[in-house]
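S.K.: Let me begin by handing over the structure; questions about it come next.
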Amino acid sequence: RRLLRRACASAFALLALLPALLAADLEAQRAEGQRIATEARSLAPKTSSTNTAVLKVRDHRGVRSQIAVTIRTTVSDAQWHTDYISGDGLLFRVIRSPHAPSRYATGRVNGAAPQPVGNLLVPFAGSDFWLVDLGLDFFHWPGQVVLRKEQRRGEACFVLESTTRTPAPGGYSRVVTWLDQDTLGIVVAEAYDTRGQLLKVFEPKRFQKNAGQWRLKEMEIRNEQTDSRTSLTFDVEVQ
C-alpha cells in the first residue's frame, strides 16, 4: 500500500507540473519560430537580374492559357524590389526588406510610375498568384511557431506555422510552411482562409543545375477551393 501511495503521489505531482512543462515547450517553439522566420525573410538575392518566364493558367472551368512574363529584380543596400511584367505591359512591383513587411505597387510599363496599392488580393494577370503571394508577408506576421521537424518531399524540414490576428477579408489567417533545414528554401506552403479552411498550396516543382548552382525552374500554386492552378516556368536569365 505504501508503494502504491508513493506511485499515486508521483503521478499527481507530474500532472501538476504538466501545464508548466507544456507552456515552456510552447515558448521554445515560438522562440525557434521567430528565429527561423527572421532568417527566412532575410534571404535576399545577391545581385540584380532579369528573367523571362511563362505563366500557365488552368482556371476553375478547365480553360487553359499562357502568359509571357518578365521578372526583373533590383538589389540595393537596404532592400530589393522585383517587377513582374506581363506580356501586355501590366506591372506588379514587390519591395522587400528583412525588417519590414513588403510594400506593393502596380502600374503599366509605359505609363506613370507604379502606384502603391492597398488590396493585396489582386491576381497577377488573371493567375492564382495574388500580390500578397509574391511578397511572402506571412514571415513578418507576429505568430511564428515551429510545430515539428519532419521529412517532406525527401528533405529534412522545419514545419513553421505563421498566424495573424488581423487577416484581410478573403485572405489568409494561417500559413504552414515546410522549410528546408539547410537552406530555408520553401519546400511546400499551405495557406488557410479566415475560416481555417485550406485555400492555396504553393509548391516549387522543378530545379535545374546551372554553373554549379541549383536554380528554381518551375513553381506551382493551386487554389484548393476553386480547383484552379497556375505554374510559373522560368525560361532564361537575360542578364
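The values are calculated or read from the model by the stated rules, or taken from the named source; none is laboratory data. Here the structure is a predicted model, which is why all the values come from computation and not from measurement. We place every Cβ from the backbone using ideal geometry, glycine too, and count neighbours over all the protein chains shown. The area values use the complete protein model at the heavy-atom level, side chains included, leaving out ligands, DNA and RNA. Shrake-Rupley method; radii C 1.70, N 1.55, O 1.52, S 1.80 Å.
S.K.: Condition first: surrounded by 15 or more Cβ atoms within 10 Å (Cβ to Cβ), on the phi < 0 side of the Ramachandran plot and touching a helix residue (DSSP H, G or I) at 6+ places or on another chain (Cβ under 6 Å). Can you find one or more residues in region 68-83 that meet it?
M.R.: There is no residue in region 68-83 that is surrounded by 15 or more Cβ atoms within 10 Å (Cβ to Cβ), on the phi < 0 side of the Ramachandran plot and touching a helix residue (DSSP H, G or I) at 6+ places or on another chain (Cβ under 6 Å).
S.K.: Take Leu15 and tell me if it is loosely packed, with under 10 Cβ neighbours inside 10 Å and at pLDDT below 90.
M.R.: Considered against the rule, which asks whether it is loosely packed, with under 10 Cβ neighbours inside 10 Å and at pLDDT below 90, Leu15 comes out as yes.
S.K.: In region 86-143, which residues are assigned to a loop (DSSP other than H, G, I, E, B) and closer than 15 Å to Ala40 by Cα?
M.R.: Result: Pro98, His99, Leu136, Trp141, Pro142.
S.K.: Moving on to the next point. Going by the structure shown, is Arg61 at pLDDT 90 or above and outside any strand (DSSP E or B)?
M.R.: The answer is yes for Arg61.
S.K.: Moving to a separate point now. Considering only residues that are of a type in the set (Ser, Thr, Tyr) and surrounded by fewer than 20 Cβ atoms within 10 Å (Cβ to Cβ), look in region 144-172 and name the one that is nearest to Glu39 (Cα to Cα).
M.R.: Per the stated criteria, the residue is Thr163.
S.K.: Sticking with this structure for a sec: So which residues in region 177-193 are open to solvent by 30 Å² or more (accessible area, probe 1.4 Å) and at pLDDT 95 or above, if there are any at all?
M.R.: Glu190, Tyr192 - these are the residues of region 177-193 that are open to solvent by 30 Å² or more (accessible area, probe 1.4 Å) and at pLDDT 95 or above.
S.K.: Does Arg229 qualify as being crowded, with 19+ Cβ neighbours inside 10 Å and either modelled with pLDDT under 90 or within 23 Å of Tyr84 (Cα to Cα) (or both)?
M.R.: So Arg229 passes the test.
S.K.: Test each condition in (1) within 11 Å of the chain's Cα centre (by Cα); (2) surrounded by 18 or more Cβ atoms within 10 Å (Cβ to Cβ) for Trp141 and report the one that comes out false.
M.R.: Condition (1) is where Trp141 drops out.
S.K.: Can I ask one more? Could you please find all residues in region 101-131 being open to solvent by 30 Å² or more (accessible area, probe 1.4 Å) and either among the basic types (Lys, Arg) or out of contact with any Gly (no Cβ under 9 Å at 6 or more places or on another chain) (or both)?
M.R.: If the condition is that a residue be open to solvent by 30 Å² or more (accessible area, probe 1.4 Å) and either among the basic types (Lys, Arg) or out of contact with any Gly (no Cβ under 9 Å at 6 or more places or on another chain) (or both), then Arg103, Thr106, Arg108, Ala112, Pro116, Val117, Gly118, Asn119, Val122, Pro123, Gly126 are the ones that fit.
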